[in-house]
Amino acid sequence: ILLLCVSGMRAETARYSVPEEAERGSFVANIVKDLGLTGEELLARQARLVPEGEKQYFQLNQHTGDLVVREQMDREELCGQSEPCLVRFEVLLESPLQSFRAEVRLTDINDHAPVFLNKEIVLKIPESAMPETRFLLESAHDPDVGNNSLQHYSISSNEYFRVYTQRRNDGRRYAELVLDRALDREQQAEVAFSIMAVDGGTPPRSGTALIRVVVLDINDNIPVFTRSLYKVSVMENSSQDAIVVVVSASDLDSGTNGEIVYSIVQNSEENLQTFKINAETGQIRLKKPLDYEETKTYEIDVQATDGGGLYTHCKVEVQVQDVNDNTPEVIITSLTSTLSEAAPPNTVVALFNVRDRDSGDNGKTTCELTGEQPFRLTLLTADAYALVTSETLDREQVEEYNVTVRARDEGSPALSVSKTLLVRLLDVNDNAPTFTQAVYTMVMSENEPAGRSLGRLSATDPDAGENARVRYALVPPLTGTLAAASFVSVDAESGTVRSLRPLDYEKVPAFEVTVRAADGGSPALSAQAVLRVIVRDENDNAPVLLHPPPDSSAAGELVPRWAPSGYLVAKVVAVDADAGQNAWLSYELAKATEPALFRVGLHSGEVRTARAVTERDAARQRLIVLVRDRGQPPRSATATLAVALVDGFSEAYLGVSEEAPAADPDGPLTLYLIACLVCVSALFLATAVAAVVVKVRRGRRSETETLPTFPTTATESNAGSLPRSYVYDVCFAAGTVNSEFRFLRPLFPCFPAGLPPGPGEQRSSVCS
């Protein structure tokens, strides 16, 4: 990009011209050919004009390439007497960036007529003046230049004078009045005629003034200057009222005829506004400060007049010396005030020119950046620079830069100027949100109603705008896992976590979900955190008795009469589904036939005798044990124990059986016991029968050397002890008497074809 920028700057300047005061929309030139482009390229590359000054006088048609006048221009207002009068600008093209310099010369039109500062010019000429004597006249002023400026003077017909048009070194013209014949005051004391100043325009313009010549009585000597030409140099920073030069003239006459008065001939309005002269001493002083950049040389005509009216002239040339009184100017031609933070190095941010109105070394400039910033300057031409990025940018570190460009000249002392450019960085979504914690732990109470706030998640994104807008969501759980996402919800904007339904601690003591925080960028960036929710147990479960069973009316326990103190009577066992303090159980004796006889372990639930059993104690005791947890409020359950004090256990069993209700023979436990007994008995019987059969078979094999012959049908084995449905076919491997038992299956009788089996009989599939 940098190489393209540098190569895109053209050193040659395109030059055009247009008359001043041209109407808006006036055609100047078509710049397409000069740029070497087509009309389509001009539009596609966004061609635009960048003026050298603050005002834009021209306009470019991007479709046709026509350069037209945007605003009327007055050459005299823009350039004064300077020639040529140039309006400079640059043509900027994008993709790639190119710059072309151009200048339009304003050609002068004759829109001003010569004007005399005084409409009446009075000359006092002694009657002794000799023919061919020359008298300097006030000059007319014409702001036009070239042929349109003042060209010659003429006077109306008279018998005494003629006029000559003279030219100064700077090209301006002035008039000298020449005496044709001697004056005679006694014949004519005053001569009047008109003078006309004419320019060279088409048509020409003119201005007139009246000249009155007053004839003075004879004065023998005229004043004489010590020098006819005074050359002086004045520094442009000279203060107001500073002495420029002192002119001196002498007159040999005496009395009033020898008294000299000095004056400046009003040959230009500029001289009249810049200089003044002391009429008595001849000191010429400044009326205002000088400016070398505006006017470099002044020519002053000084007149010395004696008391008799005789006068003479001298010329004063004032050379203005340049001093370093102008600071450099930084002129921005193109500025990108907003820049993407993703812009690569060497991206052009601004184009600008540096100009210094001074001359020589005072007008030479250098440019630099102040401070440490990711920018640098690239010199394009002698006074044109490009501000480009020198490294990658990061908006999250610095959102905007105040880039200060300092231009310094080479004068002594050097002058400098600084211009600050504000460059704002546009955000790019290059940062993902970040959670303040990797794991968030929140607590909710068991059975807490839905909609309660459990806490708030927080994630930050250093980006800006939509790129920094964080939205929260739960990550869907994997298939087959606990649907913990159905327990809580996360507010997408605030990150507030709320419960969706009450939870039971005994079923879900805790759960974890994954939360995602995504920004609003495109593409969106995200981060994840773990949300761990702990369910706080509430005392919502009462203790459950395991022993004695809660469905029994009273558990019977036997205690011998000889039981000492501390004898273990029974143990109450209970559990609580809650956790923590809510599950801590304590046991106490709530009610007893004789409270002093028994005691209950506070934490063990063991019921023991508090003292030795005596004969006076009732034979039957009823105890109620209270089991209570430590929740708030506490929950409890009771167990009832029936205790019999006996001398022998047979008596106790008899007594207990009399008290206890008869067991239900059809109860589930009875059925289970009967079924188990039958199964065990059947298994034992089957094992015994199998052992006998095996032993008998082995005995028979040892008595004979031939293979045993087995019945072919079940009818041959009717002598057996088993019914027909339980007759088995025993198969042995051929070739050995000691073959192992290989196959056992039931045999079914074979029936003739077409004859169905009898009742309770089946046809065998192995009949041959």
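The values are calculated or read from the model by the stated rules, or taken from the named source; none is laboratory data. Fair warning: this is a prediction, and the values are worked out from it, not measured in the lab. All Cβ positions, even for glycine, are placed from backbone atoms using ideal geometry, and neighbour counts span all protein chains on display. These accessible areas exclude ligands, DNA and RNA; they are computed on the full protein's heavy atoms, side chains included. Shrake-Rupley method; radii C 1.70, N 1.55, O 1.52, S 1.80 Å.
If you go through the range 304-321 and keep only what is open to solvent by 30 Å² or more (accessible area, probe 1.4 Å) and charged (D, E, K, R), you end up with just 315.
Quick check: is even one residue across the range 583-593 of a type in the set (Asp, Glu), modelled with pLDDT of 90 or more and more than 30 Å from residue 468 (Cα to Cα)? Yes, there is a match, as at least one residue in the range 583-593 is of a type in the set (Asp, Glu), modelled with pLDDT of 90 or more and more than 30 Å from residue 468 (Cα to Cα). Of the residues making up the range 605-630, those that are charged (D, E, K, R), without any contact (Cβ under 8 Å) to a residue 40 or more places away in the chain and open to solvent by 30 Å² or more (accessible area, probe 1.4 Å) number 3. If you check 510, 484, 492 for being within 25 Å of the chain's Cα centre (by Cα) and open to solvent by less than 60 Å² (accessible area, probe 1.4 Å), only one passes: 492. Residues in the range 351-374 that are open to solvent by 30 Å² or more (accessible area, probe 1.4 Å), part of a loop (DSSP other than H, G, I, E, B) and charged (D, E, K, R): 357, 364, 372.
Residue by residue through the range 597-642, note down the ones that are of a type in the set (A, V, I, L, M) and on the phi > 0 side of the Ramachandran plot. Listed by number, the list is empty, since nothing qualifies. Return yes when residue 336 is out of contact with any Pro (no Cβ under 8 Å at 6 or more places or on another chain), among the β-branched types (Val, Ile, Thr) and at pLDDT below 90 and no when it is not. Answer is yes for this residue. Just one of (1) out of contact with any helix residue (DSSP H, G or I) (no Cβ under 8 Å at 6 or more places or on another chain); (2) open to solvent by 40 Å² or more (accessible area, probe 1.4 Å) fails for residue 275. It is (2). Mind checking which pairs have a first residue in the range 212-236 that is outside the structural domain of residue 307 (by the TED database) and within 30 Å of residue 358 (Cβ to Cβ) and a second that is open to solvent by 30 Å² or more (accessible area, probe 1.4 Å) and at pLDDT 90 or above, Cβ under 7 Å, 6 or more apart or different chains? If the second residue must be open to solvent by 30 Å² or more (accessible area, probe 1.4 Å) and at pLDDT 90 or above, no pairs are left. Here the range 147-173 is the region considered, the condition is being open to solvent by 40 Å² or more (accessible area, probe 1.4 Å) and touching a Gly at 6+ places or on another chain (Cβ under 8 Å), and the residue that is farthest from residue 187 (Cα to Cα) is 147. Number of residues in the range 88-137 that are open to solvent by less than 40 Å² (accessible area, probe 1.4 Å) and within 30 Å of residue 216 (Cβ to Cβ): the value is 11. Only one of these is part of a loop (DSSP other than H, G, I, E, B), modelled with pLDDT of 90 or more and open to solvent by 40 Å² or more (accessible area, probe 1.4 Å): 462, 476, 449, 413. Name it. Among 462, 476, 449, 413, only 462 is part of a loop (DSSP other than H, G, I, E, B), modelled with pLDDT of 90 or more and open to solvent by 40 Å² or more (accessible area, probe 1.4 Å).
Within the range 540-566, being in a loop (DSSP other than H, G, I, E, B), at pLDDT 85 or above and either crowded, with 17+ Cβ neighbours inside 10 Å or of a type in the set (A, V, I, L, M, F, W, C) (or both) holds for 541, 542, 543, 548, 562, 563. Could you check, for the range 123-136, whether at least one of its residues is assigned to a strand (DSSP E or B) and more than 20 Å from residue 188 (Cβ to Cβ)? The answer is yes, given that some residue of the range 123-136 is assigned to a strand (DSSP E or B) and more than 20 Å from residue 188 (Cβ to Cβ). The combined condition, being touching a residue at least 24 places away in the same chain (Cβ under 8 Å), open to solvent by 20 Å² or more (accessible area, probe 1.4 Å) and closer than 30 Å to residue 77 by Cβ, is fulfilled by residue 335.
Taking the range 432-446 only, how many residues are part of a loop (DSSP other than H, G, I, E, B) and modelled with pLDDT of 90 or more?
5
Does residue 377 qualify as being part of a strand (DSSP E or B) and either touching a Cys at 6+ places or on another chain (Cβ under 6 Å) or surrounded by fewer than 19 Cβ atoms within 10 Å (Cβ to Cβ) (or both)? Yes. Annotation: residue 382 fulfils all but one of (1) within 26 Å of residue 98 (Cβ to Cβ); (2) assigned to a loop (DSSP other than H, G, I, E, B); (3) open to solvent by less than 50 Å² (accessible area, probe 1.4 Å); the unmet one is (3).
Before we move on, is residue 299 open to solvent by less than 30 Å² (accessible area, probe 1.4 Å), more than 30 Å from residue 347 (Cα to Cα) and charged (D, E, K, R)? Yes: the conditions hold for residue 299.
Could you say which residue among 387, 393, 425 is more than 16 Å from the chain's Cα centre (by Cα) and either within 21 Å of residue 333 (Cβ to Cβ) or surrounded by 18 or more Cβ atoms within 10 Å (Cβ to Cβ) (or both)? On inspection, the qualifying residue turns out to be 387. The criterion of being touching a strand residue (DSSP E or B) at 6+ places or on another chain (Cβ under 9 Å), β-branched (Val, Ile, Thr) and either surrounded by 14 or more Cβ atoms within 10 Å (Cβ to Cβ) or part of a loop (DSSP other than H, G, I, E, B) (or both) holds for residue 638.
Condition first: open to solvent by 40 Å² or more (accessible area, probe 1.4 Å) and in contact with a Ser or Thr (Cβ under 9 Å, 6 or more places away or on another chain). Now tell me which residues in the range 592-604 satisfy that.
599, 602, 603
Looking across the range 226-254 at every residue that is among the acidic types (Asp, Glu) and surrounded by 13 or more Cβ atoms within 10 Å (Cβ to Cβ), the one that is farthest from residue 301 (Cα to Cα) is identified as 253. For residue 291, the conditions (1) open to solvent by 30 Å² or more (accessible area, probe 1.4 Å); (2) in contact with a Leu (Cβ under 8 Å, 6 or more places away or on another chain); (3) of a type outside the set (Val, Ile, Thr); (4) closer than 19 Å to residue 241 by Cα all hold with the exception of (2).
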